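Down below is the structure, laid out as structure tokens.
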Amino acid sequence: MKVILLAGGFGTRLSEYTKTMPKPMIKIEGKPILFHIMKQYAKYGYKDFYIALGYRGEVIKKFFNKKFFDWNINLIETGKNTMTGGRLKRLGKLIGNETFMMTYGDGLSDVNLKKLLKFHKKNKKLVTLTAVRPPARFGGLKLNGKYVSYFKEKSKLDEGWINGGFFVMEPKFLKLIENDNTFLEREPLEKVTKKKQLTAFRHEGFWQCMDTKRDKDILSEIIKSKKIKF
């Protein structure tokens with residue numbers, strides 16, 4: 001099964017790193033986060049990778065110019081300014097007519113990818129996303145005048161579900177992507193939602209994106225401590 005990795009964005013919120021490299025190449029304990037994501041897929045036997053390149057794609061090419069295990073790694077230029085949906089659509093001919101997996105190049109999770117695929121096949125919809133509860137950044141308070149009537153320390157249990165990436169998709173979905181300027185997360189996913197062709201696989205386990213230096217430090221600590229293995 002093909003695994004599509006979107007790795008072409010500018011990563012402006014991590015500009016202290018992304019001036020010289022694309023966001024997926026920022027290192028977490030000595031290896032790019034992209035490499036850690038790929039290890040997670042390979043762990044479940046999914047080793048046929050298609051990496052959509054854009055900003056500073058040459059850095060990714062240089063890293064993957066040698067053999068990595070028994071992985072099949074394909075590096076495809078999808079345009080420096082192409083949006084997420086456009087990058088996926090550009091890979092249409094390579095994807096062909098088979099179900100495929102897709103995720104972003106800046107988030108790690110211990111989601112069971114075999115169970116995710118089984119869930120997708122059972123529901124027979126165009127797209128399945130992995131729904132996660134983001135780690136809360138702050139505790140919660142409710143005030144009654146000068147008194148605190150509710151206090152809750154940081155907890156993800158009270159947070160809503162969000163799109164955590166780690167998709168399974170049918171190739172027909174690509175027809176809903178208009179062009180290079182299309183954001184995957186806007187019209188295409190909104191359309192399949194209205195058509196009731198988008199299902200959510202709920203993942204209660206580990207998930208962490210890398211949007212800020214703080215996120216990077218959290219991921220580094222987790223991988224260093226080996227609490228979560230990738």
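The values are calculated or read from the model by the stated rules, or taken from the named source; none is laboratory data. From a predicted model like this one, the values you see are computed outputs, not experimental measurements. Counting neighbours? That spans all protein chains shown, and the Cβs are built from the backbone with ideal geometry, glycine included.
What the table shows:
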quantity	calculated
Flag for L6 being in contact (Cβ under 8 Å) with a residue 24 or more places away in the chain and within 23 Å of W207 (Cβ to Cβ)	yes
Residue that is without any contact (Cβ under 8 Å) to a residue 24 or more places away in the chain and either assigned to a helix (DSSP H, G or I) or surrounded by fewer than 19 Cβ atoms within 10 Å (Cβ to Cβ) (or both), where the choices are N65, N74	N65
Residue that is nearest to V111 (Cα to Cα), among those in the stretch 26-46 that are part of a helix (DSSP H, G or I), of a type outside the set (S, T, Y) and in contact (Cβ under 8 Å) with a residue 40 or more places away in the chain	Q40
Close pairs from the stretch 173-184: first at positive phi and exposed (fewer than 12 other Cβ atoms within 10 Å of the Cβ), partner of a type outside the set (S, T, Y) and in a loop (DSSP other than H, G, I, E, B), Cβ under 9 Å, at least 6 apart	none
G107 at positive phi and of a type outside the set (V, I, T)	no
Among residues of the stretch 198-229, those that are surrounded by fewer than 19 Cβ atoms within 10 Å (Cβ to Cβ) and either assigned to a loop (DSSP other than H, G, I, E, B) or aromatic (F, W, Y) (or both), counted	9
Selection count, the stretch 4-28, where residues are touching a Leu at 6+ places or on another chain (Cβ under 8 Å) and within 19 Å of L184 (Cα to Cα)	7
Residues being under 15 Å from the mean Cα position of the chain (by Cα), over 14 Å from F100 (Cα atoms) and not β-branched (V, I, T) - total across the stretch 23-41	10
N181 vs. criteria farther than 21 Å from K2 by Cβ and at pLDDT 95 or above	yes
Flag if F49 is in contact (Cβ under 8 Å) with a residue 24 or more places away in the chain and not in a loop (DSSP other than H, G, I, E, B)	yes
Conditions (1) surrounded by 19 or more Cβ atoms within 10 Å (Cβ to Cβ); (2) in contact with a strand residue (DSSP E or B) (Cβ under 6 Å, 6 or more places away or on another chain): number failed by I28	(2)
Selected residue (criterion: nearest to K43 (Cα to Cα)) from residues of the stretch 203-230 that are charged (D, E, K, R) and more than 17 Å from the chain's Cα centre (by Cα)	K229
Matching residues in the stretch 116-152 - criterion: being within 30 Å of E185 (Cβ to Cβ), among the aromatic types (F, W, Y) and at pLDDT below 80	F138
Flag if G86 is farther than 27 Å from S220 by Cα, touching a helix residue (DSSP H, G or I) at 6+ places or on another chain (Cβ under 7 Å), touching a residue at least 12 places away in the same chain (Cβ under 8 Å) and of a type outside the set (A, V, I, L, M, F, W, C)	no
Selection from the stretch 1-25 of residues that are assigned to a strand (DSSP E or B), of a type in the set (K, R) and surrounded by 21 or more Cβ atoms within 10 Å (Cβ to Cβ)	none
